[in-house]
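Peer 1: First the structure, then my questions, so here it is.
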Amino acid sequence: MIRSRTAAALAATALLAAGCGAGMDDTATQARGGEPSPASTAPAPATTAPSPTSGSGEPPEPTAASKAPVPEALTFTAKTLDGKTFEGAGLAGKPVVFWFWAPWCPKCLSEAPAVKAAAGKYGDVAFVGVAGLDTEPAMKEFVRRTGTGNIVQLSDEKGAVWTRLGVSQQSTFVFMKPDGSTEKASGPLDSGELNGHVEKLRAG
């Protein structure tokens with residue numbers, strides 16, 4: 001009877017010792033650098049949103065509208081025959097045909113149809129009529145008679161634009177390339193001659 005109790009006591013002691021050993025082994029594993037329990041895992045650090053990039057992965061290049069330099073000849077302000085303000089600088093970087101005419105000029109009258117047709121044909125070229133040497137009412141009547149209201153027509157009674165572009169007589173054409181260089185031709189120019197000059201201007 002005594003032996004049975006002694007054996008039972010020893011068995012119980014052995015079970016308790018085994019249970020404590022398992023708990024200590026887990027603590028020792030953590031102390032030796034083992035994997036921590038899921039409850040002790042630290043949260044992942046927060047991330048910031050990436051900055052916008054171009055399709056190549058690089059930051060987008062700044063976009064700025066590049067403006068062509070304004071030649072000295074285009075640094076003028078004038079008035080159109082319909083009363084609007086016209087800035088010569090707006091023509092910078094474009095091929096331009098300036099047509100200098102006077103209302104009483106027979107040569108100007110004869111070449112007006114060619115100018116009108118060329119302006120309609122070459123949409124990539126700016127055509128600007130510069131009227132002078134007379135009054136504004138006479139200039140308006142000339143435009144009405146010739147049907148050349150399809151292009152910008154400047155009223156230059158004082159000859160400021162004529163002087164700016166070095167023109168002293170009618171009829172004169174000034175062909176200006178996008179880089180500001182110019183070539184003059186005295187009229188009258190027929191359709192073939194005018195178109196030839198415009199083609200050369202467009203070719204650069």
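Just so you know, all these numbers are worked out from the coordinates, no wet-lab data involved. No experiment lies behind these values; they were computed from the predicted model shown. Heads up, the Cβs are rebuilt from the backbone with ideal geometry, glycines too, and the neighbour counts pull from every protein chain shown.
Peer 1: Using θ = phi - 60° and the Karplus form 6.51 cos²θ - 1.76 cosθ + 1.60, what ³J(HN,Hα) does each residue of segment 96-109 get, whole Hz, x for Gly and Pro?
Peer 2: Per-residue couplings from phi come out as 10, 10, 9, 10, 8, 9, 10, x, 8, 7, x, 4, 4, 5 Hz.
Peer 1: Given points 7 Å out from each Cα along the Cα-Cβ axis, report the Lys67 to Lys79 separation in nanometres with one decimal.
Peer 2: In this crude spin-label approximation the distance works out to 2.5 nm.
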